[in-house]
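What follows is a set of notes on a single structure, which appears directly below.
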Amino acid sequence: MASVQQLKSRIRSVNSTKQITKAMQLVAASKMRRSTAAVKETADYATAARELLADLAHDRDTITSHPMFQNRPIKRRLLIAISSDTGLAGAYNANVLKGLVTELKSDNEHHIHTDTLTLGRKVSQFASRLKEVKVIGSYEKLPDQPTGLEIKAILNEAIDRFVGLECDAVDLIFTRFHSPINQEVVVERLLPAGLASQSDYEQVSSEIRESRFEPSRDEVLDAVTERLIETQIVQALLDSRASEHSMRMMAMKNATDNASSLSSDLTLAMNKERQAAITQELAEISAGSEAVQ
């Protein structure tokens, strides 16, 4: 059994850690509220952008005429993976890394050459250690609410490689935010533009299907396709940040609760040790008194 002084030292250490995790929980909660508000503000626009791209991609003339919509056999693929720059976010980064490994294994089984572009220090460090995986770019310290200038380099890299036939598909791997306690790692097709399957096209709203293009469909394609693809990247980053802050908040709450529980257990053990010492001293005093008499 540890001494009373040792137990006191451990209790002080646990309480100090508890203060840190509590502060991190409050900071993460504040950031989560801002991030979730940003996700909700842009969700409808992002959904409309995906539906519009799906509607455009369903047109056979678009698929054959516009370079960003061209479907071709996938022999090379670019994966854009989004993680955080820091840890202490529960399973957030681990889930993204598992998703990346799953996609890499699938490509290897199907003899598809894979390049990666990483957003976030954790996935950058992980991808750089993988054999036979080329990291063509790494971006860190992106803000919680990125602007067009910060996304432009990522977007241009993806489009240039796809249009230049250096890859046949570009996919995003990120954590989609559903609620503070529900997040999901997903793989979303970025290029070729538009949703891939017939079931995805069937989800396109009637308002989008009945849209008219002015002055012409081709001019609209040239003007808005790149912007709509950029919207997908921005929304993925916003979802990822909201998921990160949510999972960090929950992880720090669990750490704080565990610290409180451990502190209580140590306090109980210290009190028992102190009581045992007092009882021992009283017994020795009584024995000494009896011996004197």
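What follows draws every value from the coordinates through simple rules; no lab data is involved. All values reported here derive from a predicted model rather than from experimental measurement. Glycine also receives a Cβ, built like all others from the backbone with ideal geometry; neighbour counts cover every protein chain displayed.
Any chance you could run the full-extension gain for R10 through I136? It's 0.36 nm times the residue separation minus the Cα-Cα distance, nm to one decimal. Could the numbers behind the result be given before it?
Working: separation 126, 0.36 × 126 = 45.36 nm, distance 4.73 nm.
Here the answer is 40.6 nm.
Take the Cα of V163, step 7 Å toward its Cβ, do the same at S179, and the gap between the two points is 4.3 nm.
Each Cα pair under 8 Å and six or more residues apart adds its sequence gap; the mean of these over the residue count of the chain is a relative contact order of 33 percent. For the stretch 1-131, the tally of Lys pairs with Cα-Cα distances below 28 Å comes to 21, considering only residues 8 or more apart or on different chains. P(r) tail, the stretch 48-131: Cα-Cα pairs separated by more than 21 Å, 48% of all pairs. When the P(r) of the stretch 25-250 is calculated, the portion above 34 Å amounts to 14% of the C-alpha pairs. Work out, step by step, the length gained on full extension between R33 and T17: first 0.36 nm times the residue separation, then minus their alpha carbon distance; give nm to one decimal. Difference between extended and current length: 3.3 nm. Multiplying the residue separation of T102 and S261 by 0.36 nm and subtracting their alpha-carbon distance yields 53.5 nm.
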